[in-house]
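Some notes on the structure that comes next.
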Amino acid sequence: MRKIKAKIIDAAGMERTITRLAHEILERNKGSHNIVIVGIRTRGEPLAKRIAKKIETVEHVQLQIGFLDITLYRDDLLGKLEQPQMKGTDILFDLNGKDVVLIDDVLYTGRTIRAALDGLTDIGRPRTIQLAVLIDRGHRQLPIKADFVGKNVPTSADESIRVHLKETDGEDEVLLMHPESQP
Amino acid sequence: MPLKSKHLLGLDGMPKEDIQLILDTAVSFREVLDRPIKKVPPLQGKTITNMFFESSTRTRLSFELAERRLSADVLSFQSSGSSVSKGETLKDTARNIEAMKIDMVVMRHSAAGAPHYLSSVIESAVINAGDGGHEHPTQALLDMYTLRERVGKLAGLHVCIVGDILHSRVARSNIYGLKTMGVKVSVCGPATLIPRDIEKLGVDVYHHIDDVLPKVDALNILRIQLERDAGRLFPTIREYHNYYGITRQRLEKAGREMVIMHPGPINRDVEISADVADGESSVILQQVLNGVAIRMAVLYLLGTR
């Protein structure tokens, strides 16, 4: 069992961070007219819904929102001990020419995002793909950078980040966990 | 959670969790088939050999398409014009192909048990694409998938399989699979086409189609295999149609909505009338499409295991 080292974001902080991300996305794109939101399953899904809702409230619009399952695009699929469970991709609108805002909870090695980019290009050809994450914890293994970051959290590679969301885990918080072996 | 089995030889004895996993995984692949680019990369670098020792169009094309859509390399092999006609045994043929470093074998054979034997002599995963009168597991899986997609559930439904149960591997795999998933299964056909003791598989037997129609949620109508000297087992095609053919009048008389399935190829106006085959309750073409998704799911689950 890993022990908690610090609570990085609490429920109120999460709300503020999501509000700020929504505003940054709007500012960068000069409004919401060409934006579509795509959350990466699992925890990118509720985050995407919340950010979309925030944008909709500010702009008085209805956004198109979809969800991406990257399982089939993973580079570690063959030879993994645990077969990952697929949760399905659910993008029922045209991506061509859109500004896609891709949303995930934690940016770490960058491999998930690499897989997500491959997955998106199989579905359509967006004008731009932008990346919004709640936490950037560093340690990139691929040349990938987020456009919108909730919080930068310097970590060591053996620590871990736990994102808990109301929808999936019952409460809103982000925890930094000690390494496994820590007494 | 991976599949318990390394091979897919049949649905007899396959645990419920495995069937559930295949059906659920196929939902994701069904979505892939609606995309503009219908190809995904999970089996890149894997080589799959299709060994068809018996003629097949639909199943072979469906498997090939599923393999290619998963980015696998595909080797297809038909027994006519191959070393089999020079007298090579199944074991030697398969081991020679395997020596070329392949990962999976999909096999159709006229002898029941051929894929089971094959799985004992080679290292690769073996998928049964139909063995004699024994099993055709991917067909039954796609039938269950299609039924679940249409009705929304499987457990508690009542399915009747109509026609030539005796020669049908589709019937057998469906009975095993449906029973495991909690579906009530009946079979209906002339006594000459119903195997003796089939009740031991836990199915009800009917000889009059109009007795069972008012009770069922779905029909799986089997093809009358005209090429198999059907006249020996019932007097004429016309008589078969009169007694067992599924027609609009029959369905109206039954007074109940039911899903109409058929594994194809259909004999119009023999086992099924044209208006039923093309009618609103018919899911025959969805079965064909879902077949690709089911085969992608099976290949994916066995190939990344």
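Worth pointing out:
- Taking the listed residues A:Asp75, A:Asp104, the one that is acidic (Asp, Glu), in contact (Cβ under 8 Å) with a residue 40 or more places away in the chain and within 13 Å of another protein chain (Cβ to nearest Cβ) is A:Asp75, with no other qualifying.
- Residue check, B:Leu251 within 14 Å of chain A (Cβ to nearest Cβ), part of a helix (DSSP H, G or I) and surrounded by 20 or more Cβ atoms within 10 Å (Cβ to Cβ): no
- Leading residue by the ranking (farthest from B:Tyr145 (Cα to Cα)) among those in region B:176-233 that are of a type in the set (Asp, Glu) and assigned to a helix (DSSP H, G or I): B:Glu227
- B:Ser168 vs. criteria touching a Gly at 6+ places or on another chain (Cβ under 8 Å), surrounded by fewer than 24 Cβ atoms within 10 Å (Cβ to Cβ) and over 15 Å from B:Leu8 (Cβ atoms): no
- Residue within region A:138-149 that is in a strand (DSSP E or B), out of contact with any His (no Cβ under 9 Å at 6 or more places or on another chain) and crowded, with 18+ Cβ neighbours inside 10 Å present: yes
- Any pair with Cβ under 6 angstrom, 6 or more apart, that starts in region B:232-251 at a residue that is more than 21 Å from B:His167 (Cα to Cα) and ends at one that is surrounded by 12 or more Cβ atoms within 10 Å (Cβ to Cβ): B:Thr247/B:Ser273; B:Arg248/B:Asp275; B:Arg248/B:Val276
- Residues satisfying the stated conditions in region B:130-143, i.e. outside any loop (DSSP other than H, G, I, E, B) and over 23 Å from B:Leu154 (Cβ atoms): B:Asp131
- B:Val159 being in contact (Cβ under 8 Å) with a residue 60 or more places away in the chain, surrounded by 24 or more Cβ atoms within 10 Å (Cβ to Cβ) and part of a strand (DSSP E or B): yes
- Helices (runs of 4 or more DSSP H) enclosed by region B:1-107 - at least 3 residues per element that are without any contact (Cβ under 8 Å) to a residue 12 or more places away in the chain, surrounded by fewer than 15 Cβ atoms within 10 Å (Cβ to Cβ) and within 14 Å of another protein chain (Cβ to nearest Cβ): none
- Any hit, region A:126-146, residues being within 14 Å of chain B (Cβ to nearest Cβ) and closer than 27 Å to B:Tyr300 by Cβ: yes
Read the figures in this text as sums done on the coordinates, not as results from a lab. Since the structure is predicted, the reported quantities are computational estimates derived from the model, not experimental observations. Neighbour counts are summed over all protein chains in view; Cβ atoms, including those assigned to glycine, are modelled from backbone coordinates with ideal geometry.
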